[in-house]
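The values are calculated or read from the model by the stated rules, or taken from the named source; none is laboratory data. These figures come from a predicted structure and were not determined experimentally. Note: ideal-geometry Cβ built from the backbone for every residue, glycine included; neighbour counts use all protein chains shown. SASA here: full protein model, heavy atoms, side chains in, ligands and nucleic acids out. Shrake-Rupley method; radii C 1.70, N 1.55, O 1.52, S 1.80 Å.
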Amino acid sequence: MSHDGRIALTKNGPSLSRLVFGAWRLLDGAGRPDAEAVARLIGTAVDLGLTSFDHADIYGNYEVEAAFGAGLARWTGKRDEIELISKCDIMLASDNRPQNRLKHYDTSAAHITASVDRSLANLGTDYLDLLLLHRPDPLMDADETAATLAGLVKSGKVRAVGVSNFTPSQFHLLASRLPFTLATNQIEMSVLKTSALTDGSLDHAQRLGYAPMVWSPLGGGSLFTGQEGREARVRAALAAVAAETGTGDLAAVAIAWLLRHPARLVPVLGSMKPERLAAMVKAIEIVLDRQHWFAILEASEGRPVA
Ligand SMILES: NC(=O)c1ccc[n+]([C@@H]2O[C@H](COP(=O)([O-])OP(=O)(O)OC[C@H]3O[C@@H](n4cnc5c(N)ncnc54)[C@H](OP(=O)(O)O)[C@@H]3O)[C@@H](O)[C@H]2O)c1
């Protein structure tokens, strides 16, 4: 099933597909997909309406972007039919980065610039639709970081800038130095991880009018594999709602639960399986009523609301 719906992250900002394809786990399967298999997966995603692809320099131990880029080179579609998102600033202790003695963050001009250049080369493109700072960096010099991000936009290498895992206060610090609006904050949220409802993240997004992207919308898969009481309760609640709404698919209901929130959440789907992606895209057509939504929240929190 395809879906033509788009979502503008901010009023005059970039627009993405309503659901985004997350590339983090591209190389996690048993066999490493070759360029042809990646091209097929890109084609499947686009056919399903998932035209926006979420990357980071570090994914797959710094190897996902290049593997995706090899697939993109074989894919027969056009660059302007898709959106490429990437992130920078996490420095992994990795064989591929022997200079990193430990995991840390780097929002310096030198690192951001070099990281974006590498992402562009690896993906085989001359622009990113959206660049995110991956994690808040306690050593961020807001003036230096903002000037670097503004320069990247001015050069055309990056079309829009956002953040990820930022608190509202961290968001404002960076925003205060930028000549344009931050497009999004990509945060963790799911039926198993509901803190954004009450920690101010979603209030902030609505006050400023940006659509937050949401990572691990199925709890990284723990929704299906987890054996804790919470996971079992949420699965049962999702199954009940799936039955009552004639939906049939638990993952689709879990995504629909996110889409029901007025902050206009943009879930980033992590599955690499075409049939699972196809099932989740159906979430766009599911509208949960308040009592279905609250039944899932109640199951997640283990108690009715006060
Ligand atoms: N900004 C950040 O800090 C940050 C952090 C983490 C992730 N991300 C982004 O968010 C994206 C999504 O995160 P995520 O991968 O943790 O998302 P997720 O959708 O919560 O989890 C995906 C995992 O669930 C598994 N899964 C098991 N049963 C499933 C079912 N019935 N339906 C669908 N999936 C099922 C998938 O396996 P199969 O592949 O076998 O289906 C996959 O391993 C990432 O790709 C990345 O782009 C961002």
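Okay, here's what the table says:
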item: Share antiparallel - DSSP beta bridges, the chain, percent rounded to 5; result: 25
item: Evaluated over the chain, the Cα radius of gyration and Dmax, each in Å; result: 19.0, 55
item: Hits among lysines - C-alpha to C-alpha of Lys78 under 20 Å, sequence gap 8 or more where chains match; result: Lys157
item: Between 0 and 90°, nearest 10: helix 64-74 axis offset from the chain longest Cα axis; result: 90
item: Solvent-accessible ranking of Lys87, Lys78, Lys11, Lys193, largest area first, probe 1.4 Å; result: Lys11, Lys78, Lys193, Lys87
item: Net charge contributed by nearby residues that have their C-beta within less than 10 Å of Pro217 (K/R +1, D/E -1); result: 0
item: Antiparallel bridge percentage (DSSP; both residues within segment 6-188; nearest 5); result: 30
item: Net lengthening on full extension, Ala37/Glu301 (0.36 nm per residue, minus Cα-Cα); result: 91.0 nm
item: Using alpha-carbon coordinates, inclination of helix 250-259 to the longest axis of the chain, degrees; result: 70
item: Contact order relative to length of segment 159-266, as percent, for alpha carbon pairs under 8 angstrom and 6 or more apart; result: 26
item: Between helix 229-244 and the chain: long-axis angle, C-alpha atoms, 0 to 90°, nearest 10; result: 70
item: Ranking by accessible area, most exposed first, for Thr167, Thr145, Thr225 with a 1.4 Å probe; result: Thr225, Thr167, Thr145
item: Label-point separation, Ala8 to Arg25 (7 Å along Cα→Cβ), nm; result: 3.4
item: Amide H partners (placed H, <5 Å) of Val214, local residues excluded; result: Ile187, Val266, Val268
